[in-house]
1. Just going by the charge dipole of the chain, with Lys and Arg at +1 and Asp and Glu at -1 on Cβ, which of I101, N220, Y144 is farthest out on the positive end?
2. I want the local charge near P153. Using Cβ-Cβ distances under 14 Å, sum +1 for each Lys or Arg and -1 for each Asp or Glu among the other residues.
3. Where Lys and Arg each count +1 and Asp and Glu each count -1, what net charge lies around G110 among other residues with Cβ under 11 Å from its Cβ?
4. So, in Å, what gap is there between the alpha-carbon centers of the range 209-269 and the range 1-67?
5. Quick one: work out the % antiparallel among DSSP beta bridges in the range 6-236, nearest 5.
6. Among Q11, P24, T35, which residue has its Cα furthest toward the positive end of the charge dipole of the range 1-143, with +1 on Lys/Arg Cβ and -1 on Asp/Glu Cβ?
7. Dipole magnitude of the range 6-236 about its Cα centre, charges +1 at Lys/Arg Cβ and -1 at Asp/Glu Cβ only, in debye to the nearest 20?
8. For the pairs K235/K268; K12/K235; K170/K301; K185/K235; K73/K138; K272/K301, flag any whose C-alpha to C-alpha distance is greater than 21 Å.
Amino acid sequence: MSKMTPQEMAQKIGSGLLSFPVTPFRADYSFDEATYRANMDWLCGYDVAGLFAAGGTGEFFSLTPTEVPEVVKVAVEETKGRVPVLAGTGYGTAIAREIAIGAEKAGADGLLLLPPYLTHAEQDGLAAHVEAVCAAVKIGVIVYNRDNAILQPDTLARLAERCPNLVGYKDGIGDIELMTRVYTKLGDRLTYVGGLPTAETFALPYLDMGVTTYSSAVFNFVPEFATNFYAAVRKRDHATIHAGLKDFILPLIAIRNRKKGYAVSIIKAGMKVIGRDSGPVRPPLTDLTEQEIAELAALVKNLPAIRSTQQAAE
């Protein structure tokens, strides 16, 4: 069980960079626990405010409801309290509650509630879904506003009143007007997390809207770059931010956009490039081609020069 209160967890994750570690798989797609432990221990050596086990980049959607708590348990054991560990949960309400309870028992400090599987619902139905998960656990819950689960400000306000452990809001749609209305309505009641794919692209404008943190997928394989970039965002260091976008993030996005599902696949490829091979992605995702991996390797190889340019400018 977590020793952090939901409010303590929310305050902690709002103070720094977040990331979603990949879930390593063997060639037969079984969970590679040893590699996961090594990766988690390595990532804890960097300045990160929270790690999300079995999240989107961790292929939550391909894990079974029994695998999620298993992955979370390993993450909690390996991080040894150095950083908060949050777990993904989702699908239908009954399954989401089941996973949430299992993750809490495994020692998770909080939950990220992903959109329900496939179905679209009205605000009352989405609110009932969120409230059911919050009521099932004592740890803090972050809702992920994305795709078919877009909560409106009034709905969020009602949930915040009914669910003391609803402590976070992650935006994955990029609707600036909605984000502004949510922040104006709820203010400091929630911690706000930037959750658009390749969040570095949106980090600076979102900071001005009260979004103090975001989840960096590239932290998995270039943690020094990711933490330097986040520090530049918090300092509003435009020169460093734009250098990082131009020389690394935007070229990476160009590879990512070539095929559906590459937002996750390119992170697994990055792990291979740096010598921390974490296996393939599970179907229905597909891995990068060898040519694309070579292109990514070239980007990573040039990162020391990018850092030197940034540091010289400072």
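1. Value: N220.
2. With Lys, Arg at +1 and Asp, Glu at -1, the net is -1.
3. Working: positive: K12, K138; negative: E8, E104, D109.
That sum, taken over residues with Cβ under 11 Å, equals -1.
4. Answer, in whole Å: 18.
5. Details: 2 of 27 bridges.
So the antiparallel bridges amount to about 5 percent of the total.
6. Looking along the dipole axis, the top candidate is Q11.
7. Dipole size: approximately 520 debye.
8. K235/K268; K170/K301; K185/K235
The values are calculated or read from the model by the stated rules, or taken from the named source; none is laboratory data. Values in this document were obtained by computation on a predicted structure and should not be read as measured data. Ideal geometry is used to build each Cβ from the backbone, glycine not excepted, and the neighbour counts take in all protein chains shown. Areas reflect the complete protein model, heavy atoms only, side chains present, ligands, DNA and RNA absent. Shrake-Rupley method; radii C 1.70, N 1.55, O 1.52, S 1.80 Å.
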